[in-house]
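Visitor: My questions all concern the structure below.
The values are calculated or read from the model by the stated rules, or taken from the named source; none is laboratory data. Since we're looking at a predicted model, the values are computed, not measured. All Cβ positions, glycine included, derive from the backbone under ideal geometry; neighbour counts span all protein chains shown.
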Amino acid sequence: MTWDRDAPAADPASSDDEVLTALEITTTECRQCGTLISGLNGRYACPLCGWVNHHSEGHAGLPTAQDDLDHTPRKPSRRSRR
(Lines give C-alpha, C1' and ligand atoms only; values in the text may rest on other atoms or scores of the structure.)
Protein backbone atom coordinates (compact mmCIF):
# COMPACT_ATOMS: atom_id res chain seq x y z
CA MET A 1 0.00 0.00 0.00
CA THR A 2 1.35 3.40 -0.92
CA TRP A 3 0.57 6.69 0.70
CA ASP A 4 0.00 9.82 -1.36
CA ARG A 5 0.99 12.83 0.71
CA ASP A 6 -0.86 15.24 -1.60
CA ALA A 7 -4.15 13.29 -1.64
CA PRO A 8 -7.02 14.89 0.30
CA ALA A 9 -7.87 13.26 3.61
CA ALA A 10 -11.07 11.23 3.79
CA ASP A 11 -13.82 13.00 5.70
CA PRO A 12 -15.98 10.49 7.63
CA ALA A 13 -18.74 13.08 8.01
CA SER A 14 -19.18 13.24 4.23
CA SER A 15 -19.36 9.46 3.90
CA ASP A 16 -22.59 7.81 2.81
CA ASP A 17 -21.91 5.00 5.27
CA GLU A 18 -24.33 5.41 8.22
CA VAL A 19 -22.07 3.47 10.59
CA LEU A 20 -19.24 6.00 10.28
CA THR A 21 -21.43 9.09 10.37
CA ALA A 22 -23.31 7.90 13.46
CA LEU A 23 -20.24 7.84 15.73
CA GLU A 24 -20.31 10.28 18.64
CA ILE A 25 -17.66 10.58 21.35
CA THR A 26 -19.36 10.71 24.75
CA THR A 27 -17.92 11.24 28.25
CA THR A 28 -19.06 10.15 31.72
CA GLU A 29 -17.73 9.10 35.11
CA CYS A 30 -16.93 5.46 35.75
CA ARG A 31 -19.68 3.97 37.93
CA GLN A 32 -17.15 1.91 39.87
CA CYS A 33 -14.17 4.21 40.54
CA GLY A 34 -15.32 7.69 39.41
CA THR A 35 -12.64 8.21 36.74
CA LEU A 36 -13.67 10.45 33.83
CA ILE A 37 -13.89 8.17 30.76
CA SER A 38 -14.87 8.62 27.12
CA GLY A 39 -16.52 6.19 24.77
CA LEU A 40 -18.44 5.90 21.52
CA ASN A 41 -22.21 6.39 21.48
CA GLY A 42 -22.60 5.87 25.23
CA ARG A 43 -20.58 2.65 25.48
CA TYR A 44 -17.77 2.83 28.00
CA ALA A 45 -14.88 0.79 29.40
CA CYS A 46 -12.74 2.09 32.27
CA PRO A 47 -9.01 1.50 31.73
CA LEU A 48 -8.26 1.82 35.46
CA CYS A 49 -10.69 -0.56 37.17
CA GLY A 50 -12.04 -2.57 34.21
CA TRP A 51 -15.70 -1.56 34.56
CA VAL A 52 -17.71 -1.83 31.32
CA ASN A 53 -21.31 -0.72 30.84
CA HIS A 54 -23.83 -3.03 29.15
CA HIS A 55 -24.04 -2.69 25.37
CA SER A 56 -27.78 -1.96 25.56
CA GLU A 57 -27.07 1.32 27.39
CA GLY A 58 -25.57 2.86 24.23
CA HIS A 59 -27.20 5.72 22.32
CA ALA A 60 -27.37 3.92 18.96
CA GLY A 61 -27.77 0.35 17.74
CA LEU A 62 -24.68 -1.75 17.20
CA PRO A 63 -23.67 -2.50 13.62
CA THR A 64 -24.16 -6.03 12.34
CA ALA A 65 -21.47 -8.21 10.81
CA GLN A 66 -22.86 -7.41 7.36
CA ASP A 67 -22.13 -3.69 8.02
CA ASP A 68 -18.42 -4.56 8.31
CA LEU A 69 -16.68 -4.03 4.98
CA ASP A 70 -14.18 -6.81 5.78
CA HIS A 71 -16.84 -9.36 6.78
CA THR A 72 -16.72 -12.67 4.98
CA PRO A 73 -19.62 -15.07 5.47
CA ARG A 74 -18.87 -18.28 7.33
CA LYS A 75 -18.49 -21.43 5.33
CA PRO A 76 -20.45 -24.50 6.40
CA SER A 77 -18.59 -26.70 8.84
CA ARG A 78 -17.02 -29.88 7.48
CA ARG A 79 -17.13 -31.68 10.80
CA SER A 80 -19.04 -34.90 10.72
CA ARG A 81 -21.85 -35.19 13.20
CA ARG A 82 -21.83 -38.31 15.33
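Visitor: Testing LEU20 on (1) at pLDDT below 75; (2) over 14 Å from the mean Cα position of the chain (by Cα); (3) surrounded by 11 or more Cβ atoms within 10 Å (Cβ to Cβ), one condition comes back false. Which one is that?
Guide: In the conditions (1) at pLDDT below 75; (2) over 14 Å from the mean Cα position of the chain (by Cα); (3) surrounded by 11 or more Cβ atoms within 10 Å (Cβ to Cβ), LEU20 misses (2) alone.
Visitor: Quick check on HIS71: is it free of Cβ contacts under 8 Å to residues at least 12 places away in the same chain and exposed (fewer than 10 other Cβ atoms within 10 Å of the Cβ)? If you could, list the steps in order and put the result at the bottom.
Guide: Details: free of Cβ contacts under 8 Å to residues at least 12 places away in the same chain: yes; exposed (fewer than 10 other Cβ atoms within 10 Å of the Cβ): no.
In short, no.
Visitor: Okay, moving on. Say we look at segment 23-61 and pick out the residues that are hydrophobic (A, V, I, L, M, F, W, C), more than 17 Å from the chain's Cα centre (by Cα) and in a loop (DSSP other than H, G, I, E, B); which of these is surrounded by the most Cβ atoms within 10 Å (Cβ to Cβ)?
Guide: Initially, segment 23-61 is screened for residues hydrophobic (A, V, I, L, M, F, W, C), giving 23, 25, 30, 33, 36-37, 40, 45-46, 48-49, 51-52, 60.
Those left that are additionally more than 17 Å from the chain's Cα centre (by Cα): 30, 33, 36, 48-49, 51.
Now restrict to residues that are in a loop (DSSP other than H, G, I, E, B): 30, 33, 48-49, 51.
Values: CYS30: 19, CYS33: 12, LEU48: 11, CYS49: 13, TRP51: 15.
Here the residue is CYS30.
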